[in-house]
Amino acid sequence: MTPAAPSAIAAIQAVETVMRQDRGRLTAALIARLRDFQLAEDALQEAALSALTHWGRSGLPASPQGWLLKVALRKAIDRLRQAGREDRKALDQAVLARDEADEDDTHPIPDDRLRLIFTCCHPALEEKSRIALTLRSLCGLTTAQVAAVFLDPEPTMGQRLSRAKAKIAAAGIPFAVPGPEDWPDRLNSVLTVVYLIFTAGYAQGPRTGTDLCAEAVFLAGLLVTLAPDQAEVEGCIALLLITQARARARISPEGATLPPADQDRSLWDAAMLTEGQGHLDRAIARRSPGPFQIKAAIASLHCGIAPDWPQIAALYGRLLDYEPTAIVRLNHAVAVAEAGHPDLALQHLAPLAETLSDYQPFHAARADLLARTGRPDQARAAYALAIAGASAPSDRAFLQARLDALG
Amino acid sequence: MNYMILIYGEPAKEPAYGTPEFAEMMKGYFTLNERMKADGVLRGGEALQNVETATSLRVRQGKVETMDGPFAETREHLGGYYIVDVPDLDAALKYAALVPAALYGTIEVRPLMNYNPSD
């Protein structure tokens, strides 16, 4: 007989591993069968608890995923019956799915995660909820971990997630991959969530205890697998990898933020950079341009020994066709200045002053342009605003050095 | 699922009667009606008279208070609605996007309360 304690520990480890690796796939499979987000999650949670007991006693089943799916479906049926819901259709569906799963538990579970990510990132949900739901359902973060990402209290995040799932059910948001006419917009909504997760990770660093950059790369990789031959998906993963490859070099030993051209290239992750570049090359070869490919191409141009600023400025100009936002206009202006036209760049900045008055990088860029075009007094005032608004010590250090250089 | 498509507009922003834009708008509603009928999804729909014709009412401390116009100080007013029966929100949003008022107002899409979930 196996001693109880070691087998219990082994079971806990096994359940944790399966739930971490396959939560997204199992949740998606359950939603596809039950048509109820909350029920799917609750049933899976119960199945995982049940696995602790059963696997501890009888060892790991042949297919842990298949086992969890089957048990979760039974738990869902119990819940539907207990609730005494008049919902005959939901119960019938669940019973049917259970019978199917009972019949055949050796087959791999079909991957419904593409439908799940499109549902989580549906534009009818608030953007923050889209991010939270994606991290919870696809990446398998706990509610506490998702809350930490947003610096929210756990109950607040729990309520947000519940509200989002309730809206999906009540408003009839379909658990489906959108049709061709909606595909570009809806895919953009998904990729934007992935990108926002990445940028949050990039800005926060590891301080929340979750590597959001890695989660974003995981999601982008998942999309490359599940929606192959999509130029924008490849553009998105290229953007993430090319940016991530330089992450270690972006802060100088003195703690200042460095532009790519000033970074120590030996700190770049060459393999990741090559992988990102490969995705970008494949995307561009499809001749189906889009905002993520443009951003990836810009990131890639920044990796040159001397960035090709005229080309970068031109790409930002094209990005404005897709995203006519003040931030893109700001980046465009900066590239125009670097391409040798600081006066023109200042003109581009002028109409953005009101919209971006609280946006620190605007003041940093404006200060730099004023300094370069021989307006030191105005530049000093702008640097003061930029330094006051900088949240990272490294950024303050960088700007202070620039201000000091003005004399 | 049944959805109500609520049409909110700001009278000042709507095309004026007699202009080509007005004709375009009417044509838009006509096309949309025809399409919803052809697709077999239209369950109902009405246009409301101007907001100036509205009377609001509430009962406070047992007393009926009536008021000229809508209570809320909103600039966009409910101008009409459709009810459509479609499979999901995406389908409802597709029709909502075709409502001409979407160009100058706001369209709200809400599922009707379903008291009989076995339907």
- Query: Dipole of the protein assembly as shown, Cα-centred, from +1 at each Lys and Arg C-beta and -1 at each Asp and Glu C-beta, to the nearest 20 debye?
  - Reply: 780
- Query: Helix A:212-226 versus the longest principal axis of chain A: what is the Cα-based angle in degrees, 0 to 90, to the nearest 10?
  - Reply: 70
- Report Rg/Rh for the stretch A:333-374, rounded to two decimals, where Rg is the Cα radius of gyration and Rh the Kirkwood radius. 0.94
- Query: Residue-wise, which Karplus ³J(HN,Hα) couplings in Hz belong to the stretch A:168-178, taking 6.51 cos²θ - 1.76 cosθ + 1.60, θ = phi - 60°, and x for glycine or proline?
  - Reply: 3, 6, 6, 7, x, 5, x, 8, 7, 7, x
- Message: Restricting to Cα pairs below 8 Å that are 6+ residues apart, what does the relative contact order work out to for the stretch A:4-111? Please round to a whole percent.
- Response: 34
- Roughly how many whole Å is it from the C-alpha centroid of the stretch A:126-153 to that of the stretch A:180-244? 15
- Query: Where in chain A lies the longest segment free of GluC sites (Glu not before Pro) that are both loop residues by DSSP (not H, G, I, E, B) and have at most 16 other Cβ atoms within 10 Å?
  - Reply: A:255-353
- So for A:Leu267, A:Leu135, A:Leu346, fewest C-beta neighbours within 10 Å to most, what's the order? A:Leu267, A:Leu346, A:Leu135
- Message: Explain nothing, just compute: Karplus ³J(HN,Hα) = 6.51 cos²θ - 1.76 cosθ + 1.60, θ = phi - 60°, for every residue of the stretch A:53-67 in order, whole Hz, x for Gly and Pro.
- Response: 5, 5, 5, x, 7, 10, x, 5, x, 4, 10, x, 5, x, 4
- Message: Let me check against my output: what whole-number percent is the relative contact order of the stretch A:113-223, with C-alpha pairs under 8 Å and at least 6 apart?
- Response: 32
- Would you mind calculating the relative contact order of the stretch B:2-111 from Cα pairs under 8 angstrom and at least 6 residues apart, reporting the percent as a whole number? 50
- Query: Is the shape of the stretch A:113-223 best called rounded, prolate or oblate, per the rule: a/c under 1.5 gives rounded, else a/b larger than b/c gives prolate, else oblate, with a ≥ b ≥ c the square roots of the Cα gyration tensor eigenvalues?
  - Reply: oblate
- Item | Residue-by-residue Karplus 3J(HN,Hα) for the stretch A:140-153, coefficients 6.51, -1.76, 1.60, Hz, glycine and proline x | x, 5, 6, 4, 4, 5, 5, 4, 4, 4, 9, 6, 9, x
- Most exposed first, judged by fewest Cβ atoms within 10 angstrom, B:Tyr3, B:Tyr81, B:Tyr17 run B:Tyr17, B:Tyr81, B:Tyr3
- Filter the cross-link list B:Lys13/B:Lys94; A:Lys89/A:Lys165; A:Lys165/B:Lys94; A:Lys165/B:Lys13 down to pairs whose alpha-carbon distance in this structure exceeds 27 Å. A:Lys165/B:Lys13
- Helix A:309-322 versus the longest principal axis of chain A: what is the Cα-based angle in degrees, 0 to 90, to the nearest 10? 50
- Message: Below 13 angstrom from the Cβ of A:Phe175, what's the summed charge of the other residues (Lys, Arg +1; Asp, Glu -1)?
- Response: +1
- Task: Could you pull out the trypsin sites (Lys or Arg not before Pro) across the stretch B:14-110 that fall in loop regions by DSSP (anything but H, G, I, E, B) with no more than 13 other Cβ atoms inside 10 Å?
- Result: B:Arg75
- Task: With everything on Cα atoms, drop me the angle between helix A:231-244 and the longest principal axis of chain A, reported from 0 to 90° to the nearest 10.
- Result: 70
- Item | Signed unit charges on C-beta, dipole axis of the stretch A:32-156, positive-most listed residue A:Ala62, A:Leu73, A:Ala32 | A:Leu73
- In a shell of Cβ-Cβ distance under 10 Å around A:Leu161, excluding A:Leu161 itself, what net charge do Lys and Arg (+1) and Asp and Glu (-1) give? +3
- Cα gyration tensor, the protein assembly as shown - rounded (a/c under 1.5), prolate or oblate: oblate
- Query: To the nearest Å, what is the center-to-center distance of the stretch B:34-113 and the stretch A:322-364, using C-alpha atoms only?
  - Reply: 41
- Message: If you restrict to DSSP beta bridges whose two residues both lie in the protein assembly as shown, what percentage is antiparallel, to the nearest 5?
- Response: 95
- Query: Taking a quarter of the surface of the Cα convex hull of the stretch B:2-111, what do you get in nm²?
  - Reply: 8.1
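No lab work stands behind these numbers, since they all come straight from the coordinates. Worth saying up front: this structure is predicted, and the values here are computed from it rather than measured. Don't worry about glycine lacking a Cβ; one is built from the backbone with ideal geometry, like all the others, and counts go over all protein chains shown.
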